[in-house]
Amino acid sequence: MKIAIPSEGKNLESLVNQTFGRTETFIVVDNSDMSYKAIDNTAASAQGGAGIKAAQAIVDSGAEAIITFRCGQNAADVLKTAGIKIYKATAGSINDVVKMYNAGKLDELTDIHAGYHNHGGA
Amino acid sequence: MQIAVLSGKGGTGKTFVSVNLAFAAQNTTYIDCDVEEPNGGLFLKPDITAEENIEVMIPKVNLEKCTACRKCVDFCKYNALALVNNRLLVFKELCHDCGGCILLCPEKALTEQGRTIGKVEYGISGGVKTRTGILNTGEAVGIPIIKRLLKDIEQENIYVIDSPPGSSCAVMESIKDCDYCILVTEPTLFGVHNLAMVYELVKLFGKPHGVVINKHIEGETVADDYCLQNNIPIIARIPYDDRIGSVNSQGKIVAAEDGKYFAIFNEIFQKIQEEVQHEAVTHTER
Ligand code: SF4
Ligand code: SF4
């Protein structure tokens with residue numbers, strides 16, 4: 001199964017990124033053989049709706065789950081509509097969290113934040 | 001004549017200056033464009049005479065016509081659209097009402113649908129007419145309300161515009177057609193930092209402008225120094241005064257309570273009026 005994870009870098013040793021919509025890269029990893037692909041998050045510099053755009057990229061990547069520290073309401077709506085499960089990340093590398101996932105140790109992410117809108121900094 | 005009152009952040013006294021100026025200039029219209037937090041009414045306490053809902057258009061998708069071609073999703077630069085399992089999702093709070101996707105859709109699957117985002121209240125408070133924009137909570141984009149607030153303007157009347165804080169596009173919308181910008185600041189480093197932001201904005205728009213230093217304390221010169229360096233006229237210094245604080249906290253207008261402050265705000269108005277007339281003359285001479 002393919003899992004998408006916001007990442008600080010472009011390989012499995014990279015740390016999980018603290019953000020979702022503003023991460024530079026998503027690692028999409030197949031947990032059956034640990035093959036992976038790094039995708040650029042073009043939403044990182046979006047004026048608004050970064051979470052939606054990032055979620056769209058994840059939907060398009062074919063991932064069936066995502067592991068992240070946080071996720072906004074709009075992005076969660078997109079992911080849920082697509083049937084993508086959202087798990088809460090723990091600190092560590094991409095490798096580490098996938099192992100945690102495989103061991104069934106990750107919880108589903110429940111505290112979805114309302115979104116900051118990021119509209120002109122008002 | 002439209003006078004816009006700006007500050008780099010909330011809480012510097014922007015609304016305080018706006019309502020007192022509107023009161024002291026008399027026969028004015030006070031326009032509250034700080035639609036996310038319209039506070040002018042707390043001081044002016046207007047009798048509301050009329051109300052108007054503000055609607056924007058959002059796209060509505062006809063799923064039978066939509067072929068999930070994705071053109072609209074890629075087009076929308078506000079990321080208000082997403083396509084999941086061949087179904088189009090519309091995030092209405094993020095939609096900027098540009099209408100582009102509706103025009104663009106090759107299948108004509110999108111149509112316009114009205115949506116209320118807030119309202120404008122019209123009122124009267126003694127010699128001051130009021131217009132207050134109110135953005136519903138949870139909404140992100142107040143610009144359509146600001147546009148409505150600033151639509152019916154008669155050049156011979158005096159308008160005091162309480163702009164949103166900061167230097168966002170909502171602020172730009174509120175000063176677009178104004179004749180003069182008052183920049184309100186406090187005499188602190190932080191205040192000056194925020195002043196610099198709005199100053200850049202009014203320069204960009206080429207608007208005549210001047211600074212009002214609020215809570216001025218003798219000897220605190222950072223704001224004075226900044227204005228001097230950048231050649232920005234200081235039109236008034238409102239002293240730090242506990243009395244202002246207490247009158248404000250009671251929701252009263254200090255210019256109405258105290259002749260000294262009436263004089264200060266009236267003088268601000270006279271100065272601006274002269275400046276704007278002067279500008280108008282030099283413009284026609286050119
Ligand atoms: S452009 Fe029209 S047909 Fe294409 S995805 Fe959007 S709504 Fe559907
Ligand atoms: S109307 Fe404009 S802003 Fe709204 S969804 Fe369509 S393209 Fe995006």
Test: B:CYS178 is in contact with a strand residue (DSSP E or B) (Cβ under 7 Å, 6 or more places away or on another chain) and either outside any loop (DSSP other than H, G, I, E, B) or over 22 Å from B:GLY40 (Cα atoms) (or both): no
Expected single match for without any contact (Cβ under 8 Å) to a residue 24 or more places away in the chain and either in contact with a Phe, Trp or Tyr (Cβ under 6 Å, 6 or more places away or on another chain) or at negative phi (or both) among B:CYS98, B:CYS69, B:CYS105, B:CYS76 is B:CYS98
Scanning the stretch B:225-255 for residues that are part of a helix (DSSP H, G or I) and over 25 Å from the mean Cα position of the chain (by Cα), the one surrounded by the most Cβ atoms within 10 Å (Cβ to Cβ) turns out to be B:ARG243
Listed by range, strands (runs of 3 or more DSSP E) wholly within the stretch A:10-122 having at least 1 residues that are more than 10 Å from chain B (Cβ to nearest Cβ) and without any contact (Cβ under 8 Å) to a residue 12 or more places away in the chain are A:35-40
Those residues of the stretch B:55-102 which are over 12 Å from A:LYS53 (Cα atoms), touching a helix residue (DSSP H, G or I) at 6+ places or on another chain (Cβ under 6 Å) and away from ligand 1 (no atom under 11 Å from the Cβ) amount to B:VAL56
B:GLU186 fails exactly one of (1) closer than 19 Å to B:GLY10 by Cα; (2) buried (at least 23 other Cβ atoms within 10 Å of the Cβ); (3) modelled with pLDDT of 95 or more, namely (3)
Looking at the structure I just gave you, is B:LEU63 within 14 Å of chain A (Cβ to nearest Cβ), surrounded by 16 or more Cβ atoms within 10 Å (Cβ to Cβ), farther than 30 Å from B:GLY210 by Cβ and at pLDDT below 95?
no
With the condition kept exactly as written, say whether any residue in the stretch B:128-142 is within 16 Å of ligand 1 (Cβ to nearest atom) and touching a Lys or Arg at 6+ places or on another chain (Cβ under 6 Å). no
Over the stretch B:122-137, the set of residues within 15 Å of the chain's Cα centre (by Cα) and of a type outside the set (S, T, N, Q) is B:ARG131, B:GLY133, B:ILE134, B:LEU135
Within the stretch B:39-54, residues being farther than 16 Å from B:ILE253 by Cα and crowded, with 16+ Cβ neighbours inside 10 Å number 1
Within the stretch B:90-121, of all residues that are within 11 Å of chain A (Cβ to nearest Cβ) and crowded, with 20+ Cβ neighbours inside 10 Å, the one nearest to B:ASN39 (Cα to Cα) is B:GLU93
- Could you tell me whether the stretch B:121-141 includes any residue that is in a helix (DSSP H, G or I) and either in the same structural domain as B:ILE272 (by TED's automatic domain parsing) or under 30 Å from B:ILE238 (Cα atoms) (or both)? no
Note on the stretch B:130-161: residues more than 14 Å from every other protein chain (Cβ to nearest Cβ) and within 23 Å of B:THR116 (Cα to Cα) are B:THR130, B:ARG131, B:THR132, B:ILE134, B:LYS147, B:ARG148, B:LEU149, B:LEU150, B:LYS151, B:ASP152
Within the stretch B:74-88, residues being surrounded by fewer than 20 Cβ atoms within 10 Å (Cβ to Cβ) and either more than 11 Å from every other protein chain (Cβ to nearest Cβ) or closer than 26 Å to B:ILE54 by Cα (or both) number 2
Item to complete: Please tell me if B:VAL17 is modelled with pLDDT of 95 or more and either hydrophobic (A, V, I, L, M, F, W, C) or in contact with a Phe, Trp or Tyr (Cβ under 6 Å, 6 or more places away or on another chain) (or both).
Response: yes
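A quick yes/no check of all residues on (1) within 30 Å of B:THR137 (Cβ to Cβ); (2) at pLDDT 95 or above:
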| site | (1), (2) |
| --- | --- |
| A:THR68 | yes, yes |
| A:GLY72 | yes, no |
| A:GLY83 | no, no |
| A:VAL97 | no, yes |
| A:ASP107 | no, no |
| A:GLY121 | yes, no |
If we keep only residues of the stretch B:83-100 that are farther than 23 Å from B:ASN136 by Cβ and not in a loop (DSSP other than H, G, I, E, B), then the residue nearest to ligand 2 (Cβ to nearest atom) is B:GLY100
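The values are calculated or read from the model by the stated rules, or taken from the named source; none is laboratory data. The model shown is predicted, which means the values in this text are computed figures rather than measured ones. No Cβ is skipped: glycine too gets one built from the backbone with ideal geometry, and neighbour counts run over all protein chains shown.
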